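Heads up: the structure comes next, in structure tokens.
The values are calculated or read from the model by the stated rules, or taken from the named source; none is laboratory data. All values derive from a computational prediction rather than experimental measurement. Please note: Cβ atoms are built from the backbone with ideal geometry, for glycine as well, and neighbour counts cover all protein chains shown. Side chains are part of the model used for accessible areas, which takes the heavy atoms of the whole protein and leaves out ligands, DNA and RNA. Shrake-Rupley method; radii C 1.70, N 1.55, O 1.52, S 1.80 Å.
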Amino acid sequence: MIRHVIFDLDGTLVDSCGICVSILSAMIADRGVAHSIDPIGARQHMSRGGRDMVAALLGPACVDPDADLTDFRARYTRHDTPADSLYPGVAEGLEQLHGMGLELAICSNKPQALCEKVLEDTGLAPYFRVVVGGQPGLRPKPAPDLLAAVSERLGCAPEHCVYVGDSELDHDVARAAGMAFCFMTYGYAQPFWAPEVGESFDCFPTLAMAIAARAAQVHA
């Protein structure tokens, strides 16, 4: 019985690659380095963690990975995320699931403050009861800390949840937690990767309809 739907953020609800490339390109320009980022190739770095992603995409403009990550995140806090960064059907699908009484949550490696900002910028914040992003004291995925924190705050058992994500990390953390997993194929997973267990969806409306159908069967 599914009562709670937990979502990853980047690559699942929001296509943040363009925003990251824009911010990092500005950093490169500020440093006067002759380097450009391939926006298509950049996608494979999006799920590698902030520090590795920033260092890889800055390339020769990388000075110090930790300092560069701090600079990147500071610029991100000043950068609005437009609603058209949402994948097609996300806003409508979340509204449908929320309207059915399902409890929705976010579990992301993105820093907590940035998660909250992106949700506010895109108009998604009202749909989520719990938002857990990266923060001191909680190890990033694939460690279980963030997903465990979401479950604790929801007060839910794993068998009553489904975790929706777009990467190997999401699959691994869901499996370790004993949760059902739904894979969004349009995100930032490595090419040709597919989950060992769980369903795959090519678009968000199809996912929303599948979850809504299960919930409707339970309450029929």
Exercise. Which one of M46, M27, M53 is open to solvent by less than 40 Å² (accessible area, probe 1.4 Å), in contact with a helix residue (DSSP H, G or I) (Cβ under 8 Å, 6 or more places away or on another chain) and either over 30 Å from G178 (Cβ atoms) or free of Cβ contacts under 8 Å to residues at least 24 places away in the same chain (or both)?
Worked result: M27
Problem set entry | Among (1) among the acidic types (D, E); (2) closer than 30 Å to M100 by Cα; (3) open to solvent by less than 30 Å² (accessible area, probe 1.4 Å) - the single one D68 does not satisfy | (2)
Exercise. Where in segment 119-220 are there helices (runs of 4 or more DSSP H), lying fully within it, with 2 or more residues that are under 16 Å from L13 (Cβ atoms), without any contact (Cβ under 8 Å) to a residue 12 or more places away in the chain and of a type in the set (G, A, S)?
Worked result: none
Exercise. Inside segment 136-150, can you point out the residues that are modelled with pLDDT of 95 or more and in contact with a strand residue (DSSP E or B) (Cβ under 7 Å, 6 or more places away or on another chain)?
Worked result: D145, L146, L147, A149, V150
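Here's the yes/no breakdown for (1) crowded, with 20+ Cβ neighbours inside 10 Å; (2) touching a Pro at 6+ places or on another chain (Cβ under 7 Å):
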position: A143; (1), (2): no, no
position: G165; (1), (2): yes, no
position: D170; (1), (2): yes, no
position: V173; (1), (2): yes, yes
position: A177; (1), (2): no, yes
position: T185; (1), (2): no, no
position: Y188; (1), (2): yes, no
position: V197; (1), (2): no, no
position: P205; (1), (2): no, no
For this session: Specify which of the listed residues (D8, D15) is within 15 Å of H79 (Cβ to Cβ), at pLDDT 95 or above and touching a helix residue (DSSP H, G or I) at 6+ places or on another chain (Cβ under 9 Å).
Result: D15
